[in-house]
Every structure is written in structure tokens, then in C-alpha cells.
1. Report yes if some residue within region 51-70 is outside any helix (DSSP H, G or I), touching a residue at least 24 places away in the same chain (Cβ under 8 Å), touching a helix residue (DSSP H, G or I) at 6+ places or on another chain (Cβ under 7 Å) and surrounded by 15 or more Cβ atoms within 10 Å (Cβ to Cβ); otherwise report no.
2. Does residue 80 satisfy the criteria of being part of a loop (DSSP other than H, G, I, E, B), surrounded by 12 or more Cβ atoms within 10 Å (Cβ to Cβ) and modelled with pLDDT of 95 or more?
3. So the check is Cβ under 9 Å with 6+ separation or different chains; which pairs have a first residue in region 11-40 that's in contact (Cβ under 8 Å) with a residue 60 or more places away in the chain and a second one that's surrounded by 12 or more Cβ atoms within 10 Å (Cβ to Cβ) and not in a helix (DSSP H, G or I)?
């Protein structure tokens, strides 16, 4: 009853490791996006642009790691870029 397949035990171990990594990446991305939105809410265009670059880098990396879907990341990048452009224009 207590016997498990070695491959199942290994797969479970791998899944836990990936889950931990994915959670860390997802949390980091969310924090960066939150900081970017806060910078956009301010009046400093330079800070907003700097944060946008950081957000784009983090989102792209999350896609390459398989944490986010590429269209989802693309949509977020697009919306943030649009907000920064609006801030710049005003």
C-alpha cells in the first residue's frame, strides 16, 4: 500500500520545485507591475519609463520560463506602454 513508483516520486519532487520557482517569478512580476503603475500615477516621466523597461524585461523573462502566456505578457506590456505614452504626452 505504501509503495510508490520511483518515477512518480521524482515527478512530484520536480513539480514542487517548479511550483516554488513559478510562484516566485509570478510574485516578482506582480510587484514590478505594481511599482510601474505607481510610477505612472506620479508625475515623473523618467521614473515611469525606467520602471516600464524593468517591467518589460520581467514579463519577457516570465514568458521564456513558461510562467506566463506570451499573449498575456504582450497585453500587459502594451497597456503599460500606452499609459506611459499618455503620461509623456501630457
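The values are calculated or read from the model by the stated rules, or taken from the named source; none is laboratory data. Because the structure is a prediction, the values reported are computed rather than measured. Glycine gets a Cβ as well: all are built from the backbone with ideal geometry, and neighbour counts include every protein chain shown.
1. Yes, that holds for at least one residue.
2. Criteria not met by residue 80.
3. Pairs that qualify, where the first residue is in contact (Cβ under 8 Å) with a residue 60 or more places away in the chain and the partner is surrounded by 12 or more Cβ atoms within 10 Å (Cβ to Cβ) and not in a helix (DSSP H, G or I): there are none.
Matching residues to (1) surrounded by 12 or more Cβ atoms within 10 Å (Cβ to Cβ); (2) modelled with pLDDT under 95:
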| residue | (1), (2) |
| --- | --- |
| 12 | no, yes |
| 18 | yes, no |
| 23 | no, no |
| 28 | yes, no |
| 41 | no, yes |
